[in-house]
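See below for the structure under consideration.
The values are calculated or read from the model by the stated rules, or taken from the named source; none is laboratory data. Just so we're clear, the structure is a prediction, and the values are computed from it rather than from any experiment. For neighbour counting, all protein chains shown are included, and Cβ atoms are generated from backbone atoms with ideal geometry for every residue, glycine included.
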Amino acid sequence: MRNFRATLFNEMTSKNRTSIEFVLFDWDGTLLNSFEADANAYMHLFGALGMRWSIAELKRHYSPNWHRVYRARASASRQMGRSGSSVGIFLPKAAAEAADCALRVLRIVDRRFKLALVSSGSRTRVRRQLREHGVSSIFLVKVCSEDAPRRKPHPAPLRMALDKLRALPQVCVYVGDAPEDIEMAHRAGVRAIGVLGGSPVPQRLRAASPDAMIETIRELPALLKSF
């Protein structure tokens, strides 16, 4: 069985595609194994609010934007005014462990491309985790939830990163594990790669029609040779 299992949804050739110069990444779920920690935090938070929700229900409604997770239930929406500050208590404390292979991949990709990060995570948490894993300096630009006026899947966070990089959309690719990542990239005119392995919503990720998909992040360096 081939180790490399990438599916290209749009056939690309060197004649009709511009070469990639910048690779922009999502953080949670794509480079960081964070869903289990996030799920525990959500369960803790909902439990504290007297709302019962299963992991299966969370996966069904999962989004990088926690506002969307709340709005998935009418009862959660009614709690927003009282619980918005609680998210700041529970979610940043969700301890997540970075996969060693993801960090190795970053260093490999950094040899050929300029890298940036566009995350829905809080600036304080994401920047701390980047420092803890020794990869902060790899990213030329870091855009977190507080930095952009709108959240994924709106293209504003990605467009902000492109502006800071002074990069044209056609020479960029975005790598993420959620359908919101793919939608954001396409709305910004950027090609998108979906990572199935870390995604809590693989069916929705496929349905978002990324330009390519990989099973695990370790397949990324080989795939980028096709772009």
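Taking the criterion of being assigned to a loop (DSSP other than H, G, I, E, B), without any contact (Cβ under 8 Å) to a residue 60 or more places away in the chain and under 23 Å from residue 121 (Cβ atoms), the residues of the range 178-227 that qualify are 188, 196, 197, 208. Test residue 143 against the stated conditions and say whether it is at pLDDT below 95, farther than 21 Å from residue 212 by Cα and hydrophobic (A, V, I, L, M, F, W, C). Criteria not met by residue 143. If you go through the range 122-141 and keep only what is out of contact with any Ser or Thr (no Cβ under 6 Å at 6 or more places or on another chain), of a type outside the set (Ser, Thr, Tyr) and not in a strand (DSSP E or B), you end up with 123, 125, 127, 128, 129, 131, 132, 133, 134, 135, 138.
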